[in-house]
Every structure is written in structure tokens, then in C-alpha cells.
Amino acid sequence: MTDAPLKLFNSLTRTLEVFEPVHPGEARVYSCGPTVYNYPHIGNMRAYVFADVLGRTLTWKGLKLTHVINITDVGHLTDDADAGEDKMEKMAAERAQSIWDIAEHYKQAYWADVRALNIRQPAQWTVATDYVPQMIEFAKGIADKHCYELESGLYFDVSTVADYGRLARANTEEGEGRIEAVEGKRNAADFAIWRKTPPGETRQMEWDSPWGKGAPGWHLECSVMSGEVLGFPFDIHTGGIDHREIHHPNEIAQNQAHCCTNGLDDPRNSGARIWMHNNFLVERSGKMSKSSGEFLRLQLLIDRGYHPLAYRLMCLQAHYRSELEFSWEGLGAALTRLKRMVMAFDKWHDKLSDTDVPGDSWEYERVTRDLIARFDAAIAQDLNTAEALTVLEEMLGLKKVAPECIVTAAVRMDSVLGLDLGRLERADLRIRPKSATITEAEIEAALARRTEARAAKDFATSDAIRDELAAAGVEVMDGDPLGWEWKLG
């Protein structure tokens, strides 16, 4: 039932490839995690929904999964193109707080979003500051052949490895407008792997090294943590499409220097067998940039009354390599679709004790077996979650089929999609903004009085209660086919 070969798009080769694990029966995956200087926005979280679906798919395919996600608490500069201040130091200075407290606060906020989106816990979270000694040793190992020292730090010479920039389809002469201009750099694309603390300054996070007191570069961190935990080469490295242009090419260059200097015709020389990237979430009002000060967080969606799994479903409706446009209307449509699936699943689940089901059990099993095969074919085609969702909905819409077959198959499919259909309830999916002052108990009591009034044909009282609820922001939804009953605006 899960025999379709898993094909994944490799950004390094720009081709769809059959997944063949480096270690038989295993899948080792590294995902670039957050820099914990601020809250993640919903575009950031799309990357982790994608990585979660990838991990769930590898598990579905029967592989032993080791998934690592890093936490960057030092070294990531304000410009991803290796320029500007350290994001962590900058935020700590603005808030007049300890950088360690900043990191802990935003790490916990990120983990709360992970839980809310039903993203599975990875095998390991790697925190950058826990690996600084290993980073120094890694840098020492490549410094003589691949690096040079300037007043500001130790820089990697990209001309010392073959095929630099292939992932981004770039070359070492391009990108001068994107890369930090530092006097003395040999090539425009050269990047710092160790940044010295400027004379007369003190950083909250700094360490002694052969190149002076300072801190590691962001690119160095991921090379070290992925190699330390998963070993080179590992199977899959994931991240947002923005990492494909600078961060990941620099990571690959370091990995080549550490392992070999051979070219990238053999993807394993990059440190990972396959590199995968999700596309952007687009929001037309411009509230996807943290620099604006006000940006779209998952908590904002929750505060407006939307269940976070509606956003997960919104992500699954588009292919991970396609741009996804966010709108409140689109989120509302995803919430409605999720409720339809939950209600359909619940109806089948409620029938499990019903033994009076006509037909042949073998025929029931054949129907669901064929649907599972179609689901598997969709998810195996580079994680086509949009198609997989339609297969699940088709199955939930069947008639006169054994409930145990439907429920079992739906639970199996949901193990990949992660929508938590077996635990969600209709009441969980009501739109109830945090700002609402009326309680659900008060709403239900008013609706009960209104039902009694309507039964007694006391329409004046019924209308008065409806108006009373409307004044409190409650929209009564008489006759709604989904049975929402009410929602708060």
C-alpha cells in the first residue's frame, strides 16, 4: 500500500530524484531552525510545516527517522548576506536584557508555535551556543587551506572549493550588492566563519579562539551541528528558499572543505544527499517583515479566533515549492474545509459500534486499500499534499463502507498530514476572538432560550435574543449546513 517510490526535488541538481537513503532503512534530516531574536512569523512557520510533512512521509515509508532542527542564538547577522550586527546582540541591546534571556523567551515562543501546528518533535534540537568548541575545531581544521584572516575575523575563500554557488546557480563574481563589502576580501562572495570582537567592545556572547575573542559565523554553525549529530553525508537538508541563495551555498562550501574539495556533480560532497527548499508565503499588506515592527504571528491568528491547524491546512493546500498567498479569506476557507473533514471523520467514528453494515468486508478493504495507494502515490510525488488531501476527503465522503476501514485509513493518512482529525472537535473550530468578552457558556445559554422561544413561536423574544447576541459580537447562523450555530466576529 505504500509502494510508490518516494521522489523528492533536489535543489542542488534541480531534478526530481528517487530517494535512496545513505544508510539503508534510515533517513537523516537537518532543518535550518529559527534565530531566536524575535517571534517567528507565519511565513517562517511554513518551513517547519513542510519539514514536518517530509519527516512524516519518511516515517510513512517505513524509514527510521532522525530529524534535527537547530536553534540559532548567536552569529546570525541582521542581513542574511553576511552583513550588519548580530541579531541577538542587537535585540538584547534594544530591550536592555540579557541575551540569554532573549534567546530563552523567543525559543519558548517558537516551541509553542510548533506545538500549536501539531509539528512533531525532532529527534534533537541543537542550540548553537552548545557547539562553539566544535565550531572552533571545525574552523581550525579548514583554516590553513581555505581561509584567511583579516582584522574583522577569519574569512572563507570560496575559490578554494569546486562549484561554489551551484545551489543558487551563481558564481563567485556575482552578488556584490548582496554580500558585505569588507576591505581585504579576496572574492566578493567570501564570508566570515569567525567574527572578532572589535577592539574596545564587549559582546554578551563571545569566546576565545585562535583568531581572537569573538563569535562564530551563522554559516559555520549549521555545518558543525549537522555534521556532529548526523554525520557527513546525511540524507536531506531543508530550509526556506531564501537560504538557497547565500546561507546554504556557504554551508556547502564549508562542508566540502571539511570533507573534501571535490565538485558537486556528486551531491554527497555537499554534506547532504538532497537539498530541499520551501517557497515563500506572500502577504500583500507587507506585514510579513519583522523589521516593520508589526508582523503576522501565529498567535495573532489564534487571537482572532482561528484554530492554528487551519493555517497548517492552508499550507498543505499548496505545494511546498509554490508561493502561497496568505489572506484572511483564505484562512477562513481553510478553517471551513477543516471543519468539514472533522465532522465527516466524527460521523464515521460514531458508527464504529454499528454492526449492521451491509456488504462484503473484503470489498470494504479493497476500496480503502485502493485509496491508500492513491494517497501514497500523491505524497510520494514530491510531497503532493494538495492531491493527498483530496484523496482523504473522497474517502471520508464514501457511503455504505465499513466504518472501521474508513477510520483506520483516515488515521493512517492523517499521520502524514498532521491535522489531528481524531482529537479535534467542532467546538474547537469555532471562531472566537480573544478580545470577546461574552463567554461560550453565556452564548449557549442564550441560544437555548432562543430555541425555546422559537419552539413556542415567540418570535419577538427569539429576535430580541438574536439582537442581544449580535450586540455582543455573536453571529447566529441559523440553518448553516455545517452546523456552526454561531461565530464571534
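Filtering the stretch 244-258 to residues that are surrounded by 24 or more Cβ atoms within 10 Å (Cβ to Cβ) and farther than 18 Å from Ser159 by Cβ leaves only His248.
Quick check on Gly239: is it open to solvent by less than 10 Å² (accessible area, probe 1.4 Å), closer than 20 Å to Gln134 by Cα and touching a residue at least 60 places away in the same chain (Cβ under 8 Å)? In short, no. Residues in the stretch 74-88 that are outside any loop (DSSP other than H, G, I, E, B) and within 25 Å of the chain's Cα centre (by Cα) were compared, and the one that is nearest to Tyr155 (Cα to Cα) is Leu77. Residue count for the stretch 371-404 satisfying the condition of being modelled with pLDDT of 95 or more, outside any helix (DSSP H, G or I) and open to solvent by less than 10 Å² (accessible area, probe 1.4 Å): 2. A search for C-beta distances below 7 Å between a residue of the stretch 453-468 that is of a type in the set (Lys, Arg) and any residue that is modelled with pLDDT of 80 or more, counting only pairs 6+ apart in sequence or on different chains, returns Arg454/Ser462; Arg466/Arg450. Taking the stretch 415-428 as the range and being closer than 25 Å to Glu17 by Cα and open to solvent by 20 Å² or more (accessible area, probe 1.4 Å) as the test, only Ser415 passes. Check Ile443, Ile465, Ile431 and return the single one that is modelled with pLDDT under 95, closer than 30 Å to Ala116 by Cα and over 28 Å from the mean Cα position of the chain (by Cα). Criteria check complete, one pass: Ile443.
The number of residues in the stretch 316-337 that are open to solvent by 10 Å² or more (accessible area, probe 1.4 Å) and part of a helix (DSSP H, G or I) comes to 7. The set of residues in the stretch 200-236 that are in a helix (DSSP H, G or I), surrounded by 20 or more Cβ atoms within 10 Å (Cβ to Cβ) and among the hydrophobic types (A, V, I, L, M, F, W, C) comprises Trp218, Leu220, Cys222, Val224, Met225, Leu230.
Within the set Ala441, Ala388, the sole residue that is of a type outside the set (S, T, N, Q) and under 30 Å from Val474 (Cβ atoms) turns out to be Ala441.
If you check Asp190 against the conditions, is it open to solvent by less than 30 Å² (accessible area, probe 1.4 Å), within 18 Å of Ala51 (Cβ to Cβ) and among the acidic types (Asp, Glu)? In short, no. Selection of the stretch 196-213 for residues being on the phi < 0 side of the Ramachandran plot and touching a strand residue (DSSP E or B) at 6+ places or on another chain (Cβ under 8 Å) yields Lys196, Thr197, Arg203, Met205, Glu206, Trp207, Ser209, Trp211, Lys213.
Residue by residue, here is whether (1) more than 21 Å from Trp275 (Cβ to Cβ); (2) in a loop (DSSP other than H, G, I, E, B); (3) at pLDDT 95 or above; (4) touching a Gly at 6+ places or on another chain (Cβ under 9 Å) holds:
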| position | (1), (2), (3), (4) |
| --- | --- |
| Val132 | yes, no, yes, no |
| Phe138 | no, no, yes, yes |
| Ile142 | no, no, yes, no |
| Leu154 | yes, no, yes, yes |
| Ala170 | no, yes, no, no |
| Glu173 | yes, yes, no, no |
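The condition (being touching a residue at least 24 places away in the same chain (Cβ under 8 Å), within 30 Å of Arg166 (Cβ to Cβ) and not in a loop (DSSP other than H, G, I, E, B)) is satisfied by just one residue among Gln299, Gln256: Gln256. Evaluation of Asn279 against the conditions (1) out of contact with any helix residue (DSSP H, G or I) (no Cβ under 8 Å at 6 or more places or on another chain); (2) closer than 23 Å to Asn70 by Cα; (3) not charged (D, E, K, R) shows that the sole unmet condition is (1). Of all the residues in the stretch 98-117, those that are assigned to a helix (DSSP H, G or I) and either open to solvent by 50 Å² or more (accessible area, probe 1.4 Å) or of a type outside the set (A, V, I, L, M) (or both) number 11.
Looking at the structure I just gave you, is Ser152 under 22 Å from Trp211 (Cα atoms) and over 19 Å from the mean Cα position of the chain (by Cα)? Yes; evaluated as a whole, the condition is true for this residue.
Hey, could you check the stretch 40-97 for residues that are hydrophobic (A, V, I, L, M, F, W, C) and free of Cβ contacts under 8 Å to residues at least 40 places away in the same chain and say which is surrounded by the fewest Cβ atoms within 10 Å (Cβ to Cβ)? It comes out as Ala96.
The values are calculated or read from the model by the stated rules, or taken from the named source; none is laboratory data. Please read all numbers here as calculations on a predicted model, not as lab measurements. We place every Cβ from the backbone using ideal geometry, glycine too, and count neighbours over all the protein chains shown. Areas reflect the complete protein model, heavy atoms only, side chains present, ligands, DNA and RNA absent. Shrake-Rupley method; radii C 1.70, N 1.55, O 1.52, S 1.80 Å.
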